[in-house]
1. Taking Cα atoms, how many degrees apart are the long axis of helix 430-447 and the longest axis of the chain, rounded to 10 and kept between 0 and 90?
2. When we measure straight from the Cα of residue 375, which aspartates and glutamates land under 16 angstrom away, once same-chain ones fewer than 8 places off are left out?
3. If one takes the longest principal axis of the Cα atoms in the chain, at what angle in degrees, from 0 to 90 and to the nearest 10, does the Cα axis of helix 126-141 lie?
4. How far apart, in nm, are two points set 7 Å out from the Cα along the Cα-to-Cβ line at residue 408 and at residue 28?
5. Under a point spin-label approximation (7 Å from Cα along Cα-to-Cβ), what is the residue 52-residue 364 distance to one decimal in nm?
6. Nearest 0.05, what FRET efficiency do residue 164 and residue 372 give at R0 = 56 Å with Cβ-Cβ as r?
7. Kindly state, as a whole number, the per residue volume in cubic angstrom of the convex hull around the alpha carbon atoms of the chain.
8. Accessible area per residue, 1.4 Å probe, Å², for the range 99-222: what's the number?
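The values are calculated or read from the model by the stated rules, or taken from the named source; none is laboratory data. Quick caveat, the model's predicted, so the values are computed rather than measured. FYI the Cβ positions are ideal-geometry reconstructions off the backbone, even for glycines, and counts take in every protein chain you see. Ligands, DNA and RNA are stripped out before the accessible areas are found, and what is left, the full protein with its side chains, is counted by its heavy atoms. Shrake-Rupley method; radii C 1.70, N 1.55, O 1.52, S 1.80 Å.
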Amino acid sequence: MEPILLCITFIAGFCLLVIIYLRMSEYFEIRHILGYIPGPKAYPFVGLSWKIKKIPLEDQFKWFNDLCFSFKNGMVVTWLGTKPTVNIRKPRQLQVILENSSFTTKPGNDKILTPWLGNGVFTSIDKIWFDRRRFVKSAYLELYSTIMIEKLEILKECISKELELNKTQTINIFNLVYKYSLDTICEIAFGINLDLQRNEENEYVETLHRIGKQILSNIKIMHNFTEKIIIQKQVDREQNKLLVTEEFNILETCRNTSLLDKLLDVCENTKTPFTLQEIREELDTFIFAGHTTITSAISWAFFMIGNNQNVQIKLQEELKEIFTTDNEPITIQKLEKLQYMDRVIKEVLRLYPSISSFDRLVDSNVVIDNYFIPKGIAVRLHIYQLHHDPEVWEDPETFNPDRFLPENNAQRHPYAYVPFSAGPRNCIGQKFAILEIKIALTVILRKWHIASLLKPSEIKIISNFILKPFDKKIELYLRPINKSESN
Ligand code: HEM
């Protein structure tokens, strides 16, 4: 070997050894610091990975929760390979993270969400996140109840069809609610009716189903779909603008009120408008966050109401009081009067928070419960565990909407109940979500009486983006309330 080559090989080898040494000493230093926090035994370099691999997928959620609950103070460090996570579940622990306005960074290592949603408000960090949140915030506050009600009429049609086909059997409400919520969010986002509940073979929906399997090629199809709609909308708006000059200010009636329109409105009124890619990222984010979480919440709501007949009777009495005739239209004012329903929804989201846990990267050293967590470590906030903790909630597995009566709320720690997270990075779709769940319960419970096939203890839960049944099935019996319809 040439001396010069020998020299380069030697230097490269030396540098590699230095890098390995530095990485190793950093790894062992972190292991030492986090070693003070309770947690299951973690073998060097593999951690818990080998153990988790042996557990069937459908049992992993329960296994992990049981593991965390076996450590009483609520703080547990776990290692996956060489990556540590500090898991927390007590209100005071969550408060330290959520209250600190500088802890808004997410680890950002999601293999699916990051390529799909890019720098959308859900996945971005730092200044990009801050600017994006300001950009989209007002559009998320819009209440799109008309579209929701129209789409629920179609859901009713689909349910009736399934009941006709399947007279004595149950229907899988999870599947139907999934199609309903995707149909609704797409129309709200794009201002286009894709009719996804009736139209099974839509390219967008099919791709969405496959997205977990072949990530990159599918994401390209999704991006192209959204970009085509944005470009078409920009062309339409230009044409509508011409109408304004020609026919004196009829722009308002020509414009749609979709999220896309709202974002384009904001762009037109700013000196630094967002690019096509940036608008696409926000639309995809809205669709992702707005249909997965809603599917979970509405489905679990029907499941729990179908399991608690006393609650259902009270809900239906309240509905009869507010909507005195069968065909009385749903209005925001009437929905606001449904206070028992508000408590039912809160209780559903306590037991089944759509996002059961989420991560924050601590941007500076922090102390929680006297344990030191160094800068750069991922902390996982376990909402599901918090909401099921017997030290926080009396008799936590009992479905009791009256926990949320004002007199009971007053005694609770402010961070005991956070299904929408809290602090600067909380859910911006919260108002939207509550409205949609409320309208869905109103529409369905005015028409049907429901009963669940299974009890909560019989359903295996997984948390894959959202909290859902492992087999994506929530089976319900439905009986029309109006007796003439049952004949
Ligand atoms: C019951 C329904 C919902 C629940 C329980 C829920 C819960 C949450 C939670 C816990 C977070 C924080 C996640 C994290 O920090 O990683 C979050 C963030 C977010 N949610 Fe929701 N959500 C719901 C519905 C919606 C809907 C309907 C939309 C949109 C229409 C939406 C849009 C978002 C967005 C964009 C963020 C990211 C905010 C940011 O990072 O600044 N959510 N949601």
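1. Orientation of helix 430-447: about 40 degrees from the principal axis.
2. In chain and number order, the partners are 26, 29, 126, 359, 363.
3. 10
4. 5.3
5. If labels sit at residue 52 and residue 364, their model points lie 3.1 nm apart.
6. On the way: r = 63 Å, r/R0 = 1.12.
Efficiency, rounded to the nearest 0.05: 0.35.
7. Cα convex hull per residue, to the nearest whole number: 206 Å³.
8. Values: 6130 Å² over 124 residues.
Spelled out: the 1.4 Å probe surface of the range 99-222, per residue, equals 49 Å².
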